[in-house]
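The values are calculated or read from the model by the stated rules, or taken from the named source; none is laboratory data. Keep in mind that this is a model prediction, so the values were computed, not measured. No Cβ is skipped: glycine too gets one built from the backbone with ideal geometry, and neighbour counts run over all protein chains shown. When the accessible area is computed, the model is the full protein with side chains, heavy atoms only, and any ligands, DNA or RNA have been set aside. Shrake-Rupley method; radii C 1.70, N 1.55, O 1.52, S 1.80 Å.
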Amino acid sequence: MIYTIAAEKGGTGKTATTAALTQIAAHNGGRVLAVDLDPRGDLSYILEADATQPGSYELLHGTPASDLLQRTPQGMDVITATRALNAEETRTASARRLAAALAPIRDSYDAIFI
């Protein structure tokens with residue numbers, strides 16, 4: 001199952017909600033992937049992923065998702081966001097394009113949070 005937490009307005013709790021949901025799912029034994037699409041990379045930071053490594057920018061530009069996975073101390077995988085990802089790219093990245101990029105690894109997870 002893929003869950004997307006999104007809103008145009010900042011400060012609505014998207015990152016905090018996503019972090020809490022991913023941590024709960026992982027704590028309960030789920031195979032979880034978090035995909036950070038916010039150029040600020042706050043979700044990556046909260047989940048203790050290394051945002052200096054390639055991430056969602058590369059995912060949106062053709063790098064296979066499997067090459068971008070990082071395992072966090074909480075036991076989940078993360079595809080990080082970095083400053084290379086800009087706000088315009090996150091707005092124009094179609095759901096279809098993102099779904100296609102995640103399709104090869106989708107069945108490896110109980111839940112994917114974006």
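Here are some notes:
- Annotation note: of Asp38, Asp42, the sole residue that is open to solvent by 40 Å² or more (accessible area, probe 1.4 Å), among the charged types (D, E, K, R) and within 21 Å of Ala101 (Cα to Cα) is Asp38.
- Residues of region 59-74 satisfying the condition of being surrounded by 11 or more Cβ atoms within 10 Å (Cβ to Cβ) and modelled with pLDDT under 90: Leu60, His61, Gln74
- Against the criterion of being crowded, with 20+ Cβ neighbours inside 10 Å and either at pLDDT 95 or above or of a type in the set (A, V, I, L, M) (or both), Ala87 does not qualify.
- So Thr15, is it surrounded by fewer than 16 Cβ atoms within 10 Å (Cβ to Cβ), over 12 Å from Thr80 (Cβ atoms) and among the polar types (S, T, N, Q): no
- Selection status of Gln70, of a type outside the set (D, E, K, R) and in contact (Cβ under 8 Å) with a residue 40 or more places away in the chain: no
- Residue count, region 7-36 (criterion: hydrophobic (A, V, I, L, M, F, W, C) and over 17 Å from Ile79 (Cα atoms)): 2
- Hits in region 45-64 (condition: within 27 Å of Ala100 (Cβ to Cβ) and either assigned to a loop (DSSP other than H, G, I, E, B) or in contact (Cβ under 8 Å) with a residue 60 or more places away in the chain (or both)): Leu47, Ala49, Asp50, Ala51, Thr52, Gln53, Pro54, Gly55, His61, Gly62, Thr63, Pro64
- Check on Gln23, part of a helix (DSSP H, G or I), farther than 22 Å from Ala103 by Cβ, at pLDDT below 95 and out of contact with any strand residue (DSSP E or B) (no Cβ under 8 Å at 6 or more places or on another chain): yes
- Checking Arg40 against (1) within 10 Å of Thr80 (Cβ to Cβ); (2) more than 12 Å from the chain's Cα centre (by Cα), the condition it does not meet: (1)
- Residues (surrounded by fewer than 20 Cβ atoms within 10 Å (Cβ to Cβ) and free of Cβ contacts under 8 Å to residues at least 60 places away in the same chain) located in region 20-35: Ala20, Gln23, Ile24, His27, Asn28, Gly29
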